[in-house]
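The structure under discussion appears below in the form of structure tokens.
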Amino acid sequence: MTQERNTIDQISAWAETLAADRVSPAAFALARKAFLDTLAVSLSGSQLDSARIATALARELGQGDGPCSIIGHPFKADILAAALANGTAAHAELFDDNSEPMMSHPSAPLVSALLPLGQARHRSGAEVLLAYVVGFEINVVLGRQLNPRLYEAGWHVTRTLGVLGTTAACCRLLGLGPRPFRAALGIAASMASGLRQNFGTMTMALHAGLTSRDAVQAALLAEKGFLSDADALDGRYGFFNLFAGGPPPCLPGSLPLGQPFELLRSGIIFKPYPSGAPTHAAVHATLALHAELGARLHEVTGIVCHVHPWNFMTLREGIPDDTLRARVSLRYCVAAALRFGALGSSHFTDASLGDPLVQKFMSLIEIRQADDLPDNGLFPAAVEVRLADGESARMRCDVPPGAPANPMSDADADQKYRSCASGVLDAHAIEHARAMILGIDRLTDIGDLCSALEGGTRR
């Protein structure tokens with residue numbers, strides 16, 4: 001009887017040998033769309049305070065010198081500082097993509113780790129894209145196996161689990177052999193962390209930055225011969241037991257990597273609103289109510305949000321007192337959507353938060369658990385608005401826009417990219433970078449794209 005390989009062996013063996021011709025054109029097309037989306041929100045996020053602080057530290061520690069671009073800023077830094085700053089920027093607005101089975105944000109850490117690593121090692125765009133597919137698959141497959149246990153325990157899965165797949169992606173990009181590849185995954189298991197208690201703070205964005213940095217560092221340490229325990233995932237005191245309370249259901253046996261690829265099976269949720277995913281269905285329903293009510297907004301006397309039970313575990317309650325809390329507040333996002341008829345980056349400001357009608361709506365909102373909403377992982381919601389004359393209006397949304405079953409169009413993806421980039425790059429640079437992102441697999445050196453994303457110089 002042959003002994004089953006442990007999980008680290010399974011992951012490394014699959015990731016090392018995955019050939020590009022085993023990945024369908026549709027999966028690569030979605031990966032390219034993920035790069036466009038992630039780099040869009042990295043550009044806009046680079047201007048927020050959390051990213052500015054991480055960038056300032058990168059510049060201070062590296063004295064503005066190094067081989068790797070800082071997105072949205074006209075200087076380079078060392079590889080670890082760049083991964084930290086870029087990862088923080090990618091998650092700063094909560095505008096980055098989601099995975100339903102992973103219950104987290106897959107692309108922000110992956111893109112933010114692979115670009116500086118690829119830039120420092122002069123890797124091609126095709127190599128970076130395939131490494132992304134590797135990391136995405138590992139993280140989402142593990143997420144499908146370990147959730148909801150991992151998330152319910154209070155871990156921010158973007159960081160806690162994300163560091164494993166992102167490390168595997170970095171190892172693949174470096175071309176590590178079996179021994180260092182396995183060692184890197186063991187190192188990454190000891191780097192896992194990330195508390196959901198920090199949702200709605202700068203540290204939430206930092207989770208993605210730390211994941212990017214730690215994944216690069218784990219791979220580079222292993223490349224130089226640094227070792228770890230082969231059972232860092234499966235052992236008595238390993239990742240699965242400590243973080244998820246036990247091994248994945250597929251063990252002993254094998255992880256179903258690429259059977260089929262999760263890029264095609266579960267897809268990616270691309271966000272139309274820069275707020276927590278559990279707000280999106282309710283926001284979409286509220287925008288329809290705004291259009292229906294028109295000039296009668298001042299007659300609103302009550303608002304009831306009927307939500308899936310998962311919303312209560314995920315979102316911050318109460319009335320937020322700052323714009324970071326507002327991004328993870330269903331109360332604020334619904335109030336702002338009803339007040340403004342839109343929910344974009346410009347609505348997460350002190351002025352919008354302090355708007356008298358927004359404040360009134362927030363005080364009127366009652367959030368109720370609904371048992372008749374589908375358990376589809378997309379936080380379905382129904383919103384009811386009551387008026388002074390006794391009339392009411394109600395809208396329900398089961399599948400918010402951007403979900404794989406209601407996908408973001410290429411035109412909307414382009415619009416989101418241009419909107420996010422407009423405050424950082426000039427018109428020529430926006431289109432130049434977009435062309436490179438969409439043709440990433442044709443780039444001979446990914447560093448050309450990284451340099452194009454620095455911004456800061458108006459041509």
Taking segment 158-189 only, how many residues are assigned to a loop (DSSP other than H, G, I, E, B) and closer than 16 Å to residue 9 by Cβ? 2
Here's a check for you: in segment 339-361, which residue that is exposed (fewer than 14 other Cβ atoms within 10 Å of the Cβ) and not β-branched (Val, Ile, Thr) is nearest to residue 307 (Cα to Cα)? 342
All-but-one check, residue 451 against (1) closer than 24 Å to residue 338 by Cα; (2) part of a helix (DSSP H, G or I); (3) polar (S, T, N, Q), failing number (1)
Considering (1) among the hydrophobic types (A, V, I, L, M, F, W, C); (2) within 21 Å of residue 207 (Cβ to Cβ); (3) in contact with a Lys or Arg (Cβ under 7 Å, 6 or more places away or on another chain), say which one residue 163 fails and leave the rest. (3)
Answer residue from segment 317-361, given it is of a type in the set (S, T, N, Q) and either assigned to a helix (DSSP H, G or I) or in contact with a Pro (Cβ under 6 Å, 6 or more places away or on another chain) (or both) and is nearest to residue 298 (Cα to Cα) among those: 359
Return a yes/no flag: does segment 135-148 have any residue that is under 21 Å from residue 80 (Cβ atoms), at pLDDT 95 or above and among the acidic types (Asp, Glu). no
Quick check: is even one residue across segment 52-59 in contact with a strand residue (DSSP E or B) (Cβ under 8 Å, 6 or more places away or on another chain), in the same structural domain as residue 172 (by TED's automatic domain parsing) and surrounded by fewer than 24 Cβ atoms within 10 Å (Cβ to Cβ)? yes
Evaluate the following for residue 334: is it closer than 30 Å to residue 411 by Cα, crowded, with 24+ Cβ neighbours inside 10 Å and touching a strand residue (DSSP E or B) at 6+ places or on another chain (Cβ under 7 Å)? yes
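To keep it simple, each residue is scored yes or no on (1) surrounded by fewer than 24 Cβ atoms within 10 Å (Cβ to Cβ); (2) under 23 Å from residue 89 (Cα atoms); (3) outside the structural domain of residue 30 (by TED's automatic domain parsing); (4) among the hydrophobic types (A, V, I, L, M, F, W, C).
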{"site": "116", "(1), (2), (3), (4)": "no, yes, no, no"}
{"site": "120", "(1), (2), (3), (4)": "yes, yes, no, yes"}
{"site": "132", "(1), (2), (3), (4)": "no, yes, no, no"}
{"site": "135", "(1), (2), (3), (4)": "no, yes, no, no"}
{"site": "138", "(1), (2), (3), (4)": "no, no, no, yes"}
{"site": "143", "(1), (2), (3), (4)": "no, no, no, no"}
{"site": "146", "(1), (2), (3), (4)": "no, no, no, yes"}
{"site": "149", "(1), (2), (3), (4)": "yes, no, no, no"}
{"site": "157", "(1), (2), (3), (4)": "no, yes, no, yes"}
State all residues of segment 294-331 that are of a type in the set (Gly, Ala, Ser) and out of contact with any strand residue (DSSP E or B) (no Cβ under 8 Å at 6 or more places or on another chain); if no residue qualifies, say none. 294, 295, 318, 326, 329
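The values are calculated or read from the model by the stated rules, or taken from the named source; none is laboratory data. Since the model is a prediction, treat every value here as computed from it, not as a measurement. In this analysis, Cβ positions are derived from the backbone assuming ideal geometry, glycine residues included, and neighbour counts consider all displayed protein chains.
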